[in-house]
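Where a number appears in this text, it was derived from the coordinates with a stated rule and is not lab data. Since the structure is predicted, the reported quantities are computational estimates derived from the model, not experimental observations. In this analysis, Cβ positions are derived from the backbone assuming ideal geometry, glycine residues included, and neighbour counts consider all displayed protein chains.
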Amino acid sequence: MTQLGELSLWIALLMAAWCATLAVQGAYMRRDPLTSSGARGLFAALGFTALASAGLATAFLGDDYSLRYVAQHSSLNVETFYKLCAFWSGGAGELLLLSLLIAVVGSGAAFHSLRRDTDRARAAFTVGLLGFILAFALVATGFALNPFTPLARTLQDGRGLDPLLRHPLMLVQRPLTLLGIAGSAAPVAMTLAALMGPGFDRAHVARIRASVLLSWSVLSVALLVGVRWAYVSPGLRALLERSPAVLTGSALWTILTVYLIIAELREASRSPRTHVDVMRRRAALVLVGGGALLCIATFAARALTKNYDAQIGDGEKYSAKDSWGHEWTFTSQGASRLEREGDDVIAVALMPTRDGARQPFITSESRQYYGPGGLDIYPPQTVPGIRGTIAQDLFVVLADAGDGRAVLRISFRPLVELVWAGSVLLALGGLLLFWPPRERFAA
Amino acid sequence: MTPLAIGALLAAAAMVWVIAPIFTEMPDEHAGGPAPSQAAEEAAEAAIREWREPKE
């Protein structure tokens, strides 16, 4: 399956190149059969990219350590769920997944353009440009960061997945970011196709705007999920800030936001006042409300946060005061150690009370993952204990434990949940504001 | 069957499917302008008849 996967990658590249050449030729010569052949090339490229992706997924699930990429990002003791997530944990896998998503989005956009666009030349240019973008991504995958590159000799075990990436959100954050990036291929192709001669009409502009909005929405969700993940996983922020996918996604999100704002302003200045304005006003209210909530909560959260570095012995009590003046005590229930296949877990449970009233237990863990031969390749991974309410988040991080004592950082972070609520409101407000009404589609 | 053979077969099948529209292209009967009207066709036929059977 691995061999078939690599072969499929090269066939997909040929098909994408065929699509780019034939569809553009079809546009210039005004011959529909050439365009149809080009479009079929794009659909075939989708099939072969999917086959290549299936080949890499099989290599991860089947522990094929003859491949450098698999050996670098997985190991025998990694759970099956994370073996699948390891697919997109490095640059080579990200590029292959991006190619697959571009093929999916491109095929959809090509199908839609050929059926809906009344200008045949423009539809053909769109198909050709989508093929060109896919070919570019596949060239980068095949020549620069090929995930099917073999090792000189097959290893018995791999290096393992970075512990920072062993989180359920890994399943959605990276693919969503890449989907948002891939989604922007459609409006880029449609815009360039119109610029290559046929020009724009209202229906085409509406189609471009709808595809931009779709891509913007996916990227907004991906960025929000990424920020949330960085909040609950200490140390992940530095990793995400260096990730090319996250950096590209953030830059694209900014560009798409500016495009949508300009499009909205132009539309508002041209069209007469209608019932559409009511929807815009509502959207503006949601936006302003979300923005205000976000600003106030962010500044308040920063100013009012209280941190305590505590050393607590087993059964001992530690007292602290939160930002709202409540007295808290934390009684250590002792550290427990759990040795599992692939990782050791040290957990410390605290029994908190607030103003004398008992609160639910809160637990923080330190996980040491082992690579092949029991080597501790990666530093210990901390899993914080978080108890969130609207008023504040209680955030407990275990720094060290041993000899009957635990070193912990206890933080009271006020209004953090309101920061999330403000961010979601901002995204929803943006979606409402930029949403094109049906009349504009019909135009 | 080896993976490479399966890949080659798939590639060949895909290539046939992809290039098929080019070979099923119908010749353009009205290239160079719109379809002639009924009256124009009748006039053309009359001219040909006249040319074949000249008046004496």
Checklist line | Neighbourhood net charge (15 Å Cβ-Cβ; Lys/Arg +1, Asp/Glu -1) for A:V225 | finding: +3
Notebook entry, point to check: What distance in nm separates the simple spin-label points at A:A284 and A:A357, each placed 7 Å from Cα in the Cβ direction?
Noted result: 4.3
Item checked: Rg/Rg_ref, chain A, where Rg_ref = 2.2 N^0.38 Å and atoms are Cα -> 1.18
Next item on the list: Using only the alpha carbons of region A:2-255, determine the length spanned along each of the three principal axes and report them from longest to shortest in whole angstroms.
Entry: 57, 39, 23
Next item on the list: Could you work out how far apart the two model spin labels at B:L9 and A:T154 are, taking each label as a point 7 Å from the Cα in the direction of the beta carbon, and quote it in nm?
Entry: 2.4
Item checked: Cα-centred dipole magnitude for region A:304-419, charges only on beta-carbon of K, R (+1) and D, E (-1), debye, nearest 20 -> 380
Next item on the list: Enter the Cα centre distance for the pair region A:77-120 and region A:286-306, rounded to the nearest angstrom.
Entry: 36
Notebook entry, point to check: Quick one: Karplus J couplings for region A:404-409, per residue in order, coefficients 6.51, -1.76, 1.60, θ = phi - 60°, nearest Hz, x for Gly and Pro?
Noted result: x, 10, 10, 9, 10, 10
Margin query: Helix-only estimate, please: 222 nm mean residue ellipticity of chain A, summing -39500 (n - 2.57) across DSSP H runs of length 4 or more and dividing by its residues, to the nearest 500.
Written below: -20000 deg cm²/dmol
Margin query: If you fit an axis through the alpha-carbon atoms of helix A:185-195 and take the longest principal axis of the Cα set of chain A, what angle between them do you get, 0 to 90°, nearest 10?
Written below: 30
Checklist line | the protein assembly as shown, dipole about Cα centre (Lys/Arg Cβ +1, Asp/Glu Cβ -1), debye to the nearest 20 | finding: 1340
Check: Length gain on complete extension for the stretch A:L428 to A:R340, per 0.36 nm per residue less the alpha carbon to alpha carbon distance?
Finding: 27.4 nm
Check: What's the exposure ranking of A:I346, A:I410, going from fewest to most Cβ atoms within 10 Å?
Finding: A:I346, A:I410
Item checked: Selection from A:L415, A:Y308, A:Y318, by position along the positive dipole direction of region A:304-419 (Cβ) -> A:L415
Item checked: Under Karplus coefficients 6.51, -1.76 and 1.60, residue-wise ³J(HN,Hα) of region A:157-170 in Hz, glycine/proline x -> 8, x, 7, x, 7, 3, x, 4, 8, 8, 8, x, 5, 4
Notebook entry, point to check: Which whole-percent values make up P(r) of region A:304-419 when all C-alpha to C-alpha distances are grouped in 10 Å steps starting at zero?
Noted result: 14, 43, 28, 12, 3, 0
Next item on the list: Could you work out how far apart the two model spin labels at A:D201 and A:F299 are, taking each label as a point 7 Å from the Cα in the direction of the beta carbon, and quote it in nm?
Entry: 5.1
Next item on the list: Out of all DSSP beta bridges with both ends in the protein assembly as shown, state the antiparallel percent to the nearest 5.
Entry: 100
Note to self: Springs between alpha-carbon pairs under 10 angstrom, Gaussian network model over chain A: which of A:G356, A:G41, A:G235 fluctuates most?
What the structure shows: A:G356
Notebook entry, point to check: A:R228 to A:A144: extension gain in nm, 0.36 nm per residue of separation minus the Cα-Cα distance?
Noted result: 27.1 nm
Check: Given springs between every Cα pair under 10 Å in a Gaussian network model of chain A, which of A:F48, A:F143, A:F330 has the largest fluctuation?
Finding: A:F143
Margin query: Which one, A:D119, A:D63, A:D355, has the greatest fluctuation when you compute a Gaussian network model over chain A with C-alpha springs under 10 angstrom?
Written below: A:D355
